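Here's the structure, in structure tokens; my notes come after.
The values are calculated or read from the model by the stated rules, or taken from the named source; none is laboratory data. Worth saying up front: this structure is predicted, and the values here are computed from it rather than measured. Note that each Cβ is placed from the backbone with ideal geometry, even for glycine, and that neighbours are counted across all protein chains shown.
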Amino acid sequence: MVIYLIIMFAISLVYFASAERLVTYIRLIGIQGLLLCGIAILELIEINTVNLIFIIAETIIIKAIVIPYLLRRITKVSGVTKVHRQAMPGFYLVILSVAALFASLILSWSLRNPYVDVIYMTIALFSLFTGLLLIVTHRLIISHLTGFLIIENAVFIFSIAVGNEMPMLINIGILLDIFVGVLILGFFGLRLKPYVNELTMLKD
Amino acid sequence: MILVSAMFFPGIILRTKSIASGRRGPGILQPLRDAGVLLRKGSVFSTTTGLIFQIAPVISLATVLCAILVIPFGKQEALIHFEGDFVFFAYILSLGRFFMIIAALDTGSSFEGMGASREAFFAMLIEPAFFILMATFAMFTGYVSFTDIFSNFFITSNHYVLIFSIIGFYIFIQIALVENSRLPVDDPKTHLELTMIHEVMILDYSGFDKALIHITTWLKFAVYGSLIYNVVVPAGWNIYLQIALFLAVQALFAIIVGFLESFRARNKMNKNPKFILTVSAIAILAFAVILILNLNL
């Protein structure tokens, strides 16, 4: 069952490369949160029950509800609906995404060890590369933020893969979630949000 | 079975679209009646066209009929089957498309040339999706012909079959939509030549030849419907149940196409390559998964 969720997660990464609207990004982030929750439930069955409940609650509340909600608020307030206007065309991004998948496969095959399942490592690396691709090919700061969220999901997947042996890694992944939550809240608190220009000019 | 289901395919799509848009709409047999009228008419050929233009519809129909021969039905073997027959399947369909493209160029019309160029480009982009998917199935089952792949698809001890069944279902639908120039890639009902792909290629056809082109499209839909059937229904089931399920899957496929065309906007022309490439990317993902599972990495 867990492999179905992982494949769905990977498909969502492919769609990130081809999506053009922020609302699609936000939906995909929410879906990834739910998928990660499912993976955590199925994979971390051996760890302490309280810890497991905390992880499940965190993935559902923070990843699937709070972060998408905050992102949606930002898009509403700033009025930005498209992911990018002048960045790399999606066609090339999909090609790069496929290249990233192959790179992840080769890397995880060469780094394989008895403690981590190769499919987890592949998807975690694929997620990492997709996040990096989004950051380097997009101009909007909100797209960079989405890229960062995907990288954070990659860390979470990797921590789940070794979660039964090293539960502390999952807590580090959760700390990253909270960090991202604070970062997004910063858009409200620091009043970075209202002007489209401010959101587009970060990389210039 | 494919010929029978192809006859009702366009009617079901039309009926679904009518119901979805709240219209009474034509009956399921209306496209058949229209084709009957066209078949009884003669063809008018422009003086600028040559032999290629006249024979292209017949060749296109013949290639689809040849492609049907390699598709199995349940446990029944395909009429022709050999190792690598899916390559034959892909390229025999490409041959038909090639003739339609050069027939469009034969007219000397810039519009038709434009449509031919688009059709060739999109067909080229969707081809990897088909081959990668078939390579995935071949790795999954250990066989390299349609008959062997589909008859062993559900009886392998591999319990990940559902993954490949779902991905196959999704990708074959997308391939069928692109190959038959339907939404979201192309709109068969569009009236503006500049935005057409397939329809602009066949603007100069009339009467009997136009009917053949329509019938070819229906058959292609039914061919992909039968591929979908083979990846969702186990080959070992009772033959009568298989026949009923085959017709049900074809009807469901037509309804899905009808709903997609009712509720989905057409892509901008420059977005189509990305859309098609995404389908190939998902096929590659399926291939990566089977690679990991099969090699026990």
Problem - Test: A:Thr75 is at pLDDT 75 or above, buried (at least 18 other Cβ atoms within 10 Å of the Cβ) and either within 26 Å of B:Ile276 (Cα to Cα) or at the interface with chain B (Cβ under 9 Å from one of its Cβ atoms) (or both) - result: no
Practice task
For the range A:100-122, enumerate the residues that are facing another protein chain (nearest Cβ under 10 Å) and not aromatic (Phe, Trp, Tyr).
Solution key: A:Leu101, A:Ser104, A:Leu105, A:Ser108, A:Arg112, A:Asp117, A:Val118, A:Ile119, A:Met121, A:Thr122
Problem - Search result, residues across the range B:260-283 that are within 15 Å of B:Gln174 (Cα to Cα), more than 8 Å from chain A (Cβ to nearest Cβ) and in a helix (DSSP H, G or I) - result: B:Leu260, B:Glu261, B:Asn272, B:Ile276, B:Val279, B:Ala283
Exercise for the section: Report yes if some residue within the range A:39-54 is within 14 Å of chain B (Cβ to nearest Cβ), exposed (fewer than 14 other Cβ atoms within 10 Å of the Cβ) and not in a helix (DSSP H, G or I); otherwise report no. Expected result: no
Practice task
Evaluate the following for B:Leu133: is it within 13 Å of another protein chain (Cβ to nearest Cβ) and either buried (at least 19 other Cβ atoms within 10 Å of the Cβ) or in a helix (DSSP H, G or I) (or both)?
Solution key: no
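This table checks each residue for (1) more than 15 Å from the chain's Cα centre (by Cα); (2) part of a helix (DSSP H, G or I); (3) more than 20 Å from B:Leu285 (Cβ to Cβ); (4) within 14 Å of another protein chain (Cβ to nearest Cβ).
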| residue | (1), (2), (3), (4) |
| --- | --- |
| A:Leu93 | yes, yes, no, yes |
| A:Phe126 | no, yes, no, yes |
| A:Gly147 | no, yes, no, no |
| A:Phe179 | no, yes, yes, no |
Problem - Flag for B:Ala286 being of a type in the set (A, V, I, L, M), assigned to a helix (DSSP H, G or I) and more than 14 Å from chain A (Cβ to nearest Cβ) - result: no
Problem - Matching option when the condition is more than 23 Å from B:Leu227 (Cβ to Cβ) and more than 14 Å from the chain's Cα centre (by Cα), among B:Thr190, B:Thr147, B:Thr136 - result: B:Thr190
Practice task
Among the numbered conditions (1) under 15 Å from B:Ile228 (Cα atoms); (2) part of a helix (DSSP H, G or I), tell me where B:Met100 comes up short.
Solution key: (1)
Exercise for the section: Determine, yes or no, whether B:Lys220 is over 20 Å from B:Ala283 (Cα atoms), charged (D, E, K, R), at pLDDT 80 or above and out of contact with any Leu (no Cβ under 6 Å at 6 or more places or on another chain). Expected result: yes
Exercise for the section: Would you be able to say whether some residue in the range A:22-43 is at pLDDT 80 or above, out of contact with any helix residue (DSSP H, G or I) (no Cβ under 7 Å at 6 or more places or on another chain), among the charged types (D, E, K, R) and farther than 30 Å from B:Phe287 by Cα? Expected result: no
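To keep it simple, each residue is scored yes or no on (1) under 19 Å from A:Phe91 (Cα atoms); (2) touching a helix residue (DSSP H, G or I) at 6+ places or on another chain (Cβ under 6 Å).
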{"site": "A:Leu105", "(1), (2)": "no, yes"}
{"site": "A:Ser110", "(1), (2)": "no, no"}
{"site": "A:Tyr120", "(1), (2)": "no, yes"}
{"site": "A:Phe126", "(1), (2)": "yes, yes"}
{"site": "A:Phe129", "(1), (2)": "yes, yes"}
{"site": "A:Leu133", "(1), (2)": "yes, yes"}
{"site": "A:His138", "(1), (2)": "yes, no"}
{"site": "A:Ala154", "(1), (2)": "no, yes"}
